[in-house]
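Reading through the structure tokens given below for one structure.
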Amino acid sequence: MLDGHLLVDAHLHPVRLPTLKPAWRQWAREFGDQAAIESVYDADGTVVPERFDAYLAAEGVDVALVLAEYSPKVTGIQPIEDLLPLAAFNRDRIRLIANVNPHLHYPVDEEAARQLGLGAVALKIHPVHAGVAANDRSLYPAYEVCQAAGVPLVVHCGTSTFPGSSNGFADPVLLDDVLRDFRRLDVVLAHGGRGWWYDAAAFMALSSQRVWIELSGLPPSRLREYYARHSWARLTRRMIFGTDWPGVPGIAGNARAVAALCPDEATAALVLGGNACRVYNLKADLPDGTALDQGRRAAVGRGQAAAVRAGGTGRHRLPGAGARCRPGGRMVAGQ
């Protein structure tokens, strides 16, 4: 908990350093808290599970979603197997996000199912680092796996400065086909259109109840500027907190800065944890032990329920301030 709020960081990269290319390490040194980074790694460049869990707890993080990545052309390969010890140490706090690259994985649906079977709560694709458009039909079998399992698709939607990146593939308009063809699939726009797609990302999130803005890699001080052409009160209710750790000075500091931008406590509760619990199928408990029904969406803010319009039905509920997130949404084969 952070200042009474449930806190879910939906985007972290606690990867093994030997798997990385030099540009990634330089990025972490330039934007991250070097002392904090060094505190969780051992001498071989591997994250120590108990140290990482303690760091997350100290930052107020209730649930951390950690990402695998298979991008040999750009950052290297950080296989999901490297993350399993972190999740095994504290399954209540640390959860996995899978990744497929159609240039490496075939069939992609089998690889997606394999990683979901290891406990992943979402599948990420990285068009910019993989060098493939999000609407490429080679990815469709993986999307079908996600839709059938009821897990969200996370898509890197923003520029990347790492050598070898193909930034043209970050355009969120490429997801229009995916949203049309997979009508029960939630899509999370990681980095929220960073670069020159903020308006497109915001428009998609405001026009579809299945699209979400994920804030990783975006400085809170500039969020209002990035989305100035859109209703801030409406758009914040479509946001999910994430940091892109370790490329951030601190998780708690970022979360507090984002919360301060929210129009009210109920919205802050959604952004910091409530929306993530709903989208990533995480159950939540209130401090008194009362379980919130995953099938109903509402924002629970500091003991007061605030209605949230969603999908035109208003029948879902979301956890808010004072809630605790834990795994246990829809099960997938092999989990």
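Read-outs throughout are calculated quantities, based only on the coordinates presented, and are distinct from any laboratory measurement. Quantities reported herein were computed from a predicted structural model and do not represent experimental measurements. Reconstructed Cβ throughout: ideal geometry from the backbone, glycine too, with neighbour counts over all protein chains shown.
Numbers for the structure displayed
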{"item": "Label-reachable residues, the stretch 51-69, where backbone N falls under 18 Å from a point 7 Å from residue 3's Cα toward its Cβ", "result": "57-63"}
{"item": "Estimated FRET transfer efficiency (residue 208, residue 166; beta-carbon r; R0 30 Å; 0.05)", "result": "0.75"}
{"item": "Extension gain (nm, one decimal) between residue 183 and residue 137, 0.36 nm per residue minus Cα-Cα", "result": "15.0 nm"}
{"item": "Rel. contact order, % - alpha carbon contacts under 8 angstrom, at least six apart, the stretch 8-282", "result": "20 percent"}
{"item": "Net lengthening on full extension, residue 222/residue 73 (0.36 nm per residue, minus Cα-Cα)", "result": "50.6 nm"}
{"item": "Amide H contacts of residue 186 (H built 1.01 Å from N, under 5 Å, at least 5 apart or other chain)", "result": "153"}
{"item": "Gain upon complete extension [residue 91, residue 35; 0.36 nm per residue less C-alpha separation]", "result": "17.6 nm"}
{"item": "Long-range amide H partners of residue 71 with built H, under 5 Å", "result": "76, 77, 78"}
{"item": "Antiparallel %, DSSP beta bridges [both residues in the stretch 1-130], to 5", "result": "40 percent"}
{"item": "Percent antiparallel among DSSP beta bridges (both partners in the stretch 8-282, rounded to 5)", "result": "15 percent"}
{"item": "Local electrostatic count at residue 145 - Lys and Arg +1, Asp and Glu -1, tallied over other residues with Cβ under 11 Å", "result": "-3"}
{"item": "All lysines inside 21 Å of residue 21 as judged from Cα atoms, apart from same-chain residues fewer than 8 positions distant", "result": "73, 124"}
{"item": "Positive-end residue, the stretch 8-282 charge dipole about Cα centroid, Cβ charges, pick of 68, 263, 41", "result": "263"}
